[in-house]
Amino acid sequence: MADTNESSESDGILTNLFLDIIKSPVNILLVGVITILVYKILKSRQRVPEHVEPEPELPKLRKDFTVEELKKYDGTGSDGRVLVAVNGKVFDVTKGKRFYGPGGPYSAFGGRDASRGLATFSVVCPKEDYDDLSDLNTMEMDSVREWEMQFTEKYEYVGKLLRPGEEPTNYSDEEEDGSQQETVEKPKDEGYPKALVCSQIDRAQNSGPTASTGTNIIPLVTTYHLGLHQLNNLLKTGFPILQSSTTTQLVFKEPPKVTYKQPANLRNLLVKPKLPDPTIQPEPKQMSGSFPCNHTPCKTCTIHKPTNSFSSNITKINYLIKGHHTCDSENLIYQLECKQCQAQYIDLTTETPRRRMNGHRHDTKIKNKDKSIASHAETHNLDFNHCYTTKVVKSHNKEICNPSQLRIWELAHQYIIKSKQAANLDLSVLSNQFLLQYHQGVSQDYIALSF
């Protein structure tokens, strides 16, 4: 009973759908269009593909061509070979004959130099004589070079398109089978197309510097922009103005010419190869050690002798000074040593040694008994410069080492050279673990350290 009800409902739906279709002429038209489209799709799938005869493989051609010789290879010859020149290079495009051969969409390029047409996106017959492309702008020449790379990767390279009066290259069999064959095969094994390798070898062997024309045209260089294409015409128009002045007449003997440089692109922004300037001498490598600044007004230079080490007068161990330090260095540990009794003093300063020594010099001059440096100099009845010598033993970048960390390095250096300290500092109150940490830190710089 249930099956009978379901069948009745299905018949009712189909009947209503059919009645809705035939009631409206628009629905009948849509059904007819859909039926035709479905029929065409099914028929195209059942169609047997036509058998296309493959083009016979032609022997490889390797020679240079003049413009007149190239015209013979437009696909109408007995062998059907089609050659196309792009940016001075001739390519065999016979396998693309349906495009460049007779009846093809680009048949105007067959047997011709297609550089100008590709650059200007014009499928017209190119110039009959040799085209040096000298009037193309920067963007058009970039387009020519891009087409050259595409042809190099896709088609077989044949040879050069000769300029008027240029001698052709002799491509002998011995040359191809000899050492050059190894040069071609090795990059080919690396995955480079053989046509690309041959074209680059030919370019390296036969290209040379362009001969100077000897003209006195002064180039005016600017970045290329679409709105600047009329500059050369404007300069030619205004050239009589330059000739009317005796000053500019000597400079501009011919109309100046605008030369465009390539505008910035993504490749130039991401990759900027820079070779070292041979005219700039590299800065000499600075020696490690403590050195005077040798500035005329600096009084510290007289007691700051150049040295690459510091030592302890108790342990008799020498330690090398790392880095280059002068009277102008900052954030450092310095050492003072008495010239009379070799007493040593280690202290820190965030200022330069020059300013710090000026402070010691002032304390000594006024005989400040609260300062150990001034008190010690008074015992010898000497001024500061005649009593002490100084050297910088270590300095730190302020961004890396703050005053608290610098204080730790000061304590570590005071410990390793056993220097005399101010009366209120007693190393005996430091724990063994504390001393061990500073010992390990300093020992990274001074390998000779031992307890």
Inset, instruction - Quick one: dipole size for region 289-434, taken about the Cα centre, charges +1 on Lys/Arg Cβ and -1 on Asp/Glu Cβ, in debye to the nearest 20. - result: 260 debye
Legend entry - Cα gyration tensor shape of region 67-160, rounded if a/c is under 1.5, else prolate or oblate by comparing a/b with b/c: prolate
Inset, instruction - Round to the nearest 10 and report in Å² the accessible area of T379, as given by a 1.4 Å probe over the protein chains' heavy atoms. - result: 100 Å²
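With the cut-off at 1.5 for a/c, could you classify region 219-261 from its C-alpha gyration tensor as rounded, prolate or oblate? Could the numbers behind the result be given before it?
Values: a/c = 3.70, a/b = 2.02, b/c = 1.83.
Note, shape of region 219-261 comes out prolate.
Write down the accessible area per residue of region 289-434 in Å², having rolled a 1.4 Å probe over the full set of protein chains. Don't skip to the end; give the middle numbers.
Values: 7870 Å² over 146 residues.
About 54 Å² of surface per residue is accessible.
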Inset, instruction - Report, largest value first, the span of the C-alpha coordinates of region 289-434 along each principal axis, in whole Å. - result: 43, 31, 28
Legend entry - Exposure of M287 as accessible area (Å², to 10), given a probe of 1.4 Å and all protein chains: 130 Å²
Legend entry - Across K89/K154; K71/K160; K63/K97; K299/K322; K316/K367; K95/K127, pairs whose alpha-carbon gap is larger than 22 Å: K299/K322; K316/K367; K95/K127
Inset, instruction - Enter the accessible area of S311 (Å², nearest 10), with the probe set to 1.4 Å and all protein chains included. - result: 40 Å²
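In whole percent, what relative contact order does region 244-361 give with Cα contacts below 8 Å and a gap of six or more residues? Walk me through the numbers before you get to the answer.
On the way: 122 pairs, mean separation 21.9, N = 118.
Across region 244-361, relative contact order equals 19 percent.
The values are calculated or read from the model by the stated rules, or taken from the named source; none is laboratory data. For clarity, every value in this text was computed on a predicted model and none was experimentally measured. Reconstructed Cβ throughout: ideal geometry from the backbone, glycine too, with neighbour counts over all protein chains shown. Protein only, heavy atoms only, side chains kept; ligands, DNA and RNA dropped before computing areas. Shrake-Rupley method; radii C 1.70, N 1.55, O 1.52, S 1.80 Å.
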